[in-house]
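A.B. asks: One structure, as structure tokens, below. Some questions next.
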Amino acid sequence: MPDPYEVILVYDGENTEYVDRLLDIYDFDYIVMNPKRGVHRFALINRGWDACTGNYFMHVENDYYWSHPGSVRRAFEAFEKVPDLDFVRFEFLPFWRSKCEQVVKLSDDELCIVPKNTSYRWNLNPHLRKTKFPAGRLLEKFPPRAQPEKTYADEYNKYDYVAGCLTGENFRHIGIYDEGGHFKQFYAERFTLVPDQREFDAWAEFQKFCDNQQYQQLFRSYLDKNGGRQLVIIAFDGLDYNIIKEKAPELRQFAHGRTSLDNHIEKGGTPRGATNEIFSTFLTGTTPDIHGVKFPLDYEFSLKGKQPTFLELVDSVAVDVPCYNTHPNMKKFHRRCDWAFGFDAHRQQLGMTEEEYWPRVQASRDALERDLLDYLYTIKLNRVKKALDMNKQLTMIYFWFTDIIGHMGYKENDERIDRLYEHVRHVFKKLKEVIGDRPIMVMSDHGMKRGGHNPRGAFWSFSDSVLSTNYTPQMEEWYSILKRWLT
């Protein structure tokens with residue numbers, strides 16, 4: 001970097017060997033370190049900014065890739081065109097065009113003027129600014145749970161500054177995981193520079209903009225370090241997104257939402273939602289026109305050895321997953337459903353009067369519910385616990401009792417539905433005791449409304465920050481989302 005720039009290194013650590021390696025790259029004008037991590041990082045930044053003697057102040061942190069060398073020139077052009085401008089952020093996302101109060105044309109970029117009182121209008125992302133301490137020195141002590149950057153950004157909004165951001169490709173955030181190794185959606189957007197980005201190959205994306213072998217090796221190590229996490233998927237057939245909110249709120253974990261079947265149905269899936277079709281889409285990341293599993297369903301069919309699923313990506317165990325290793329006992333219970341569900345066409349076929357038929361249907365429902373729960377607690381949960389004890393990287397468990405009992409509860413406020421969700425809550429609690437601190441995904445293939453499938457009721461939740469709450473992925477998106485988590 002040519003003169004007249006000063007380059008100040010602020011390092012929140014005390015490893016002198018690391019600093020020596022950085023000095024081999026650049027001879028910094030001033031170095032700030034943090035022996036024994038004794039002070040807040042904002043105190044370190046204050047010291048670094050104190051050492052700056054110029055008229056403009058640029059801030060860049062080490063998890064960004066400077067992809068356009070002309071970024072600083074673009075910022076200076078923005079200052080010339082907007083004399084009152086104080087702050088220019090080099091990175092556009094996660095701001096949107098709708099956030100722009102005004103767009104100023106530059107020679108090879110655009111400047112978005114961000115309205116006052118916008119959250120994080122001032123921030124520590126890569127930027128160039130005129131004022132060293134625009135809202136006073138950075139605070140160095142914060143109350144519990146305070147967000148330091150937001151605290152200062154809120155203080156900045158009290159002043160009459162003009163702030164904006166460039167909209168072109170200038171910097172990329174090169175990480176997609178937080179310090180705990182959890183995927184962050186808004187990191188992914190700023191890594192790919194694509195809004196709402198969820199499906200991408202991080203390694204291939206990095207190679208698009210960086211051909212430096214040393215940096216590629218470091219990024220490959222970063223991906224390998226953060227990949228390979230465990231996951232337990234608990235699939236309840238027919239749990240409804242809206243009923244869960246009322247009757248089993250604990251299933252709405254750290255992040256939760258609906259899954260859309262729109263693409264699945266548009267590409268050949270049954271409009272009302274059929275379990276084997278939907279799970280084939282979930283497992284393969286393809287739609288029915290590709291994976292070929294369509295109604296009428298062959299319950300003997302398995303995707304194993306025929307089409308790749310995310311279960312083959314890692315060391316996994318599956319318990320009774322539809323179209324993968326469907327259990328014979330599920331088919332035995334389904335054979336009893338004609339009587340238990342009760343249909344007038346069935347009654348007419350048997351030549352029975354309503355007085356003869358419906359009491360028998362009610363008795364069949366009660367018997368089937370009782371037998372399903374007896375099987376669940378005496379046989380099924382034992383098999384599930386054995387699978388969990390194997391401690392595989394991926395464990396997927398499927399429960400069918402929820403769908404069958406859900407069909408028998410013809411109204412959302414039916415007592416049978418109340419009992420069903422009480423059992424769901426109990427099963428979830430028991431499984432969490434065995435799962436421990438392993439991440440958990442809960443999902444359903446469709447919802448249930450007045451005894452019929454509700455394709456708009458498919459539910460998902462994560463115990464970790466895999467997605468943002470209320471994001472609605474298409475059912476086929478889960479393959480790539482889970483692949484990114486697992487590998």
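The values are calculated or read from the model by the stated rules, or taken from the named source; none is laboratory data. Remember, predicted model here, so these are calculated numbers, not experimental data. In this analysis, Cβ positions are derived from the backbone assuming ideal geometry, glycine residues included, and neighbour counts consider all displayed protein chains.
A.B. asks: Condition (residue is under 19 Å from residue 481 (Cα atoms) and among the aromatic types (Phe, Trp, Tyr)) applied to the stretch 298-310: is it met by at least one residue?
C.D. replies: yes
A.B. asks: Looking at the stretch 431-444, I want the residues that are touching a residue at least 24 places away in the same chain (Cβ under 8 Å) and have a partner that is basic (Lys, Arg) and surrounded by fewer than 18 Cβ atoms within 10 Å (Cβ to Cβ) with Cβ atoms under 9 Å, at least 6 apart or on another chain. Which pairs are those?
C.D. replies: As it stands, the answer is 431/385; 434/385; 440/432; 442/252, since those pairs meet every condition given.
A.B. asks: For residues in the stretch 114-132 being among the polar types (S, T, N, Q) and more than 24 Å from residue 62 (Cα to Cα), which is surrounded by the fewest Cβ atoms within 10 Å (Cβ to Cβ)?
C.D. replies: Going through the qualifying residues, I end up with 117.
A.B. asks: Could you tell me whether residue 245 is touching a residue at least 40 places away in the same chain (Cβ under 8 Å) and part of a helix (DSSP H, G or I)?
C.D. replies: no
A.B. asks: Collect the residues in the stretch 265-278 that are part of a helix (DSSP H, G or I), of a type outside the set (D, E, K, R) and under 21 Å from residue 396 (Cα atoms), keeping them in residue-number order.
C.D. replies: 275, 276, 278
A.B. asks: Looking only at the stretch 423-439, how many residues end up being touching a Lys or Arg at 6+ places or on another chain (Cβ under 7 Å) and either crowded, with 22+ Cβ neighbours inside 10 Å or not β-branched (Val, Ile, Thr) (or both)?
C.D. replies: So the count comes out to 1.
A.B. asks: Same structure again: Could you grab me the full set of residues in the stretch 367-421 that are charged (D, E, K, R), buried (at least 21 other Cβ atoms within 10 Å of the Cβ) and modelled with pLDDT of 95 or more? Break it down into steps so the answer makes sense when it comes.
C.D. replies: Applying the first criterion (charged (D, E, K, R)) to the stretch 367-421 yields 369-371, 374, 380, 383, 385-386, 389, 392, 403, 411-412, 414-416, 418-419.
Those still in the list that are buried (at least 21 other Cβ atoms within 10 Å of the Cβ) too: 380, 403.
380, the sole residue that qualifies.
A.B. asks: Could you look through the stretch 448-463, keep only residues that are modelled with pLDDT of 95 or more and part of a strand (DSSP E or B), and pick out the one that is nearest to residue 337 (Cα to Cα)?
C.D. replies: By that ranking, first place goes to 459.
A.B. asks: Of the residues 40, 68, only one is within 25 Å of residue 206 (Cα to Cα) and either free of Cβ contacts under 8 Å to residues at least 40 places away in the same chain or not acidic (Asp, Glu) (or both); which? Write out each step before concluding.
C.D. replies: Values: 40 fails: within 25 Å of residue 206 (Cα to Cα).
Unique residue meeting the criteria: 68.
A.B. asks: Moving to a separate point now. Inspect all residues belonging to the stretch 219-234 and state whether any of them is in contact with a helix residue (DSSP H, G or I) (Cβ under 8 Å, 6 or more places away or on another chain), crowded, with 17+ Cβ neighbours inside 10 Å, among the basic types (Lys, Arg) and closer than 18 Å to residue 483 by Cα.
C.D. replies: yes
A.B. asks: Looking at the stretch 69-113, which of its residues are assigned to a loop (DSSP other than H, G, I, E, B), in contact with an Asp or Glu (Cβ under 7 Å, 6 or more places away or on another chain) and crowded, with 17+ Cβ neighbours inside 10 Å?
C.D. replies: Matches in the stretch 69-113: 93, 106.
A.B. asks: Pairs please, first residue from the stretch 285-308 and more than 11 Å from residue 269 (Cα to Cα), second anywhere and among the basic types (Lys, Arg) and modelled with pLDDT of 90 or more, Cβ atoms under 6 Å, 6+ apart in sequence or on different chains.
C.D. replies: none
A.B. asks: Can I ask one more? Does the stretch 114-131 hold any residues that are outside any loop (DSSP other than H, G, I, E, B) and modelled with pLDDT of 95 or more, and which are they?
C.D. replies: 127, 128, 129
A.B. asks: Could I ask something else about it? Have a look at 258, 252, 272 and point out the one that is within 19 Å of residue 405 (Cα to Cα), among the basic types (Lys, Arg), touching a residue at least 12 places away in the same chain (Cβ under 8 Å) and surrounded by fewer than 21 Cβ atoms within 10 Å (Cβ to Cβ).
C.D. replies: Within the list 258, 252, 272, the selection yields 272.
A.B. asks: While we're here: Among the residues that make up the stretch 133-142, is at least one of them out of contact with any helix residue (DSSP H, G or I) (no Cβ under 7 Å at 6 or more places or on another chain), crowded, with 17+ Cβ neighbours inside 10 Å and not acidic (Asp, Glu)?
C.D. replies: Looking through the stretch 133-142, none of the residues is out of contact with any helix residue (DSSP H, G or I) (no Cβ under 7 Å at 6 or more places or on another chain), crowded, with 17+ Cβ neighbours inside 10 Å and not acidic (Asp, Glu).
A.B. asks: Go through the stretch 223-241 residue by residue and tally those that are touching a Gly at 6+ places or on another chain (Cβ under 8 Å) and part of a helix (DSSP H, G or I).
C.D. replies: Count: 3.
A.B. asks: Another question, if that's okay. Could you go through the stretch 308-315 and let me know if any residue there is at negative phi, in contact with a helix residue (DSSP H, G or I) (Cβ under 6 Å, 6 or more places away or on another chain) and in a helix (DSSP H, G or I).
C.D. replies: Yes, because at least one residue in the stretch 308-315 is at negative phi, in contact with a helix residue (DSSP H, G or I) (Cβ under 6 Å, 6 or more places away or on another chain) and in a helix (DSSP H, G or I).
A.B. asks: What residue, among those in the stretch 140-176 that are in a helix (DSSP H, G or I) and of a type in the set (Ser, Thr, Tyr), is modelled with the highest pLDDT?
C.D. replies: Checked the stretch 140-176; the qualifying residue modelled with the highest pLDDT is 156.
A.B. asks: Out of the residues in the stretch 177-201 that are assigned to a helix (DSSP H, G or I) and farther than 13 Å from residue 65 by Cβ, which is nearest to the chain's Cα centre (by Cα)?
C.D. replies: Result: 185.
A.B. asks: When you check residue 345 against the structure, is it over 33 Å from the mean Cα position of the chain (by Cα) and buried (at least 20 other Cβ atoms within 10 Å of the Cβ), yes or no?
C.D. replies: Working: over 33 Å from the mean Cα position of the chain (by Cα): yes; buried (at least 20 other Cβ atoms within 10 Å of the Cβ): no.
So residue 345 does not fit the description; no.
A.B. asks: Among the numbered conditions (1) in contact (Cβ under 8 Å) with a residue 24 or more places away in the chain; (2) under 27 Å from residue 71 (Cα atoms); (3) in a helix (DSSP H, G or I), tell me where residue 217 comes up short.
C.D. replies: The failed condition is (1).
A.B. asks: Right, next: Does the stretch 279-295 contain any residue that is at pLDDT below 95, assigned to a loop (DSSP other than H, G, I, E, B), surrounded by 15 or more Cβ atoms within 10 Å (Cβ to Cβ) and in contact with a helix residue (DSSP H, G or I) (Cβ under 6 Å, 6 or more places away or on another chain)?
C.D. replies: Scanning the stretch 279-295, I find at least one residue that is at pLDDT below 95, assigned to a loop (DSSP other than H, G, I, E, B), surrounded by 15 or more Cβ atoms within 10 Å (Cβ to Cβ) and in contact with a helix residue (DSSP H, G or I) (Cβ under 6 Å, 6 or more places away or on another chain), so the answer is yes.
A.B. asks: Hey, can you tell me all the residues within the stretch 390-441 that are acidic (Asp, Glu) and in a loop (DSSP other than H, G, I, E, B)?
C.D. replies: Of all residues in the stretch 390-441, those acidic (Asp, Glu) come to 403, 412, 414-415, 418, 422, 433, 437.
Within the stretch 390-441, 412, 414, 437 meet the criteria.
A.B. asks: Run down 23, 44 and say which single residue is assigned to a helix (DSSP H, G or I) and over 19 Å from residue 124 (Cα atoms).
C.D. replies: Numbers: 44 fails: over 19 Å from residue 124 (Cα atoms).
Exactly one residue qualifies, and that residue is 23.
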